[in-house]
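Below is one structure, written out as structure tokens; the observations come after it.
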Amino acid sequence: MTAQKRHIDEGSPVERLLVSIDGLRKRHNSKNAHFFRTSLRRFQAWEEVIHPKLDSDKKNAMKFLAKLRKATGKLRDSEVHLDLLDGINEASAKEKKRVEKALKVRRRAARKKLESLLSDADLKAHMSHLRLMGEPPLASHQASENPLPAADRLALDEYRSFVESRAPLSPENVHSYRLACKGFRYKAELAGDTPQARALIDGWKSVQDVSGDWHDYLTLSELTEEVCGDCTLHSLLVGMRDKKYDESVAAVERAERQLLTTGQAAKKRPAGVRKNHRRSSVA
């Protein structure tokens, strides 16, 4: 790891977020989009703990960041889906070419939207408001050196409440479950490098990873059906989608079983898994 990258990784959430925006302005690609999105998630977890109340200027900055997150998400998805498509060798070249063309159209539209946002006249003002949120003594906050000891317990308590109140697991809410795990994970990171924080982070990340794969195959299969109908490529993608859904269910059940035994035991209840793989509710 280079000294510069180490400095960014160990910097404050505000610093990481500002660096990620600068990276996007220099180059609109999937790598920088991903770095921005993870930096934004970490910033939001930190801000929720440190700055529970926001003034109107900072609220406007957060609204702008939400627009930027949406645009970077579409760019990231189109590039990841192109990679997935490239790795499927059993389908005909003609089918793949048609879907590839549609994905490239989506990628161009996402880049155009991203360029528009990054050239917005208000961007400089929004970044200034973000910097104010990291002024001393908060500017020196680094999770590795200045942990917030109660953050992992707070994240676990929120996760327990989330699990106890959630609807039965289904394709309609697996994606929402994944997004919630991101928030719990990044909040737990604020506690620093402790055994309990690591266990929580690893559990939530396992759900994120496999359910993220499921969602990618789901959205790519839906696009393929739009473009090619019920073709061989669509059937292959549906098979991968269903496999990843079953793996997501297993990851959720494993995470709940392992993490909710930490501290006060959570109320046990059946997962109530439904096997309709096709539909999803995207948050």
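Structural remarks
- A simple rule links phi to the HN-Hα coupling: the Karplus curve 6.51 cos²θ - 1.76 cosθ + 1.60 with θ = phi - 60°, which for the stretch 32-42 gives 5, 5, 5, 4, 4, 5, 5, 5, 5, 4, 5 Hz, with x for Gly and Pro.
- Here Lys58 is the anchor, and the aspartates and glutamates within straight C-alpha reach of less than 12 Å, apart from those fewer than 8 places off in the same chain, are Glu47.
- Simple spin-label estimate for Val49 and Ser161 in nanometres, 7 Å along Cα-Cβ: 1.6 nm
- Which listed pairs, of Lys31/Lys97; Lys26/Lys104; Lys26/Lys94, have C-alpha distances above 27 Å, in listed order: Lys26/Lys94
- Alpha-carbon centroid distance for the pair the stretch 72-116 / the stretch 147-182, whole angstrom: 31 Å
- Neighbour cut-off at most 11 other Cβ (10 Å), DSSP loop, trypsin sites (Lys or Arg not before Pro), the stretch 163-244: none
- Assigned charges on the beta-carbon of Lys, Arg, Asp, Glu; the stretch 208-263 dipole about Cα centre (debye): 260 debye
- Highest mean packing first, where packing is the average number of other Cβ atoms within 10 Å per residue, the peptides 154-162, 102-110 line up as 154-162, 102-110.
Here, each number is a calculation from the coordinates, and none is a lab measurement. Not measured: the values here are computed from a predicted model. All Cβ positions, even for glycine, are placed from backbone atoms using ideal geometry, and neighbour counts span all protein chains on display.
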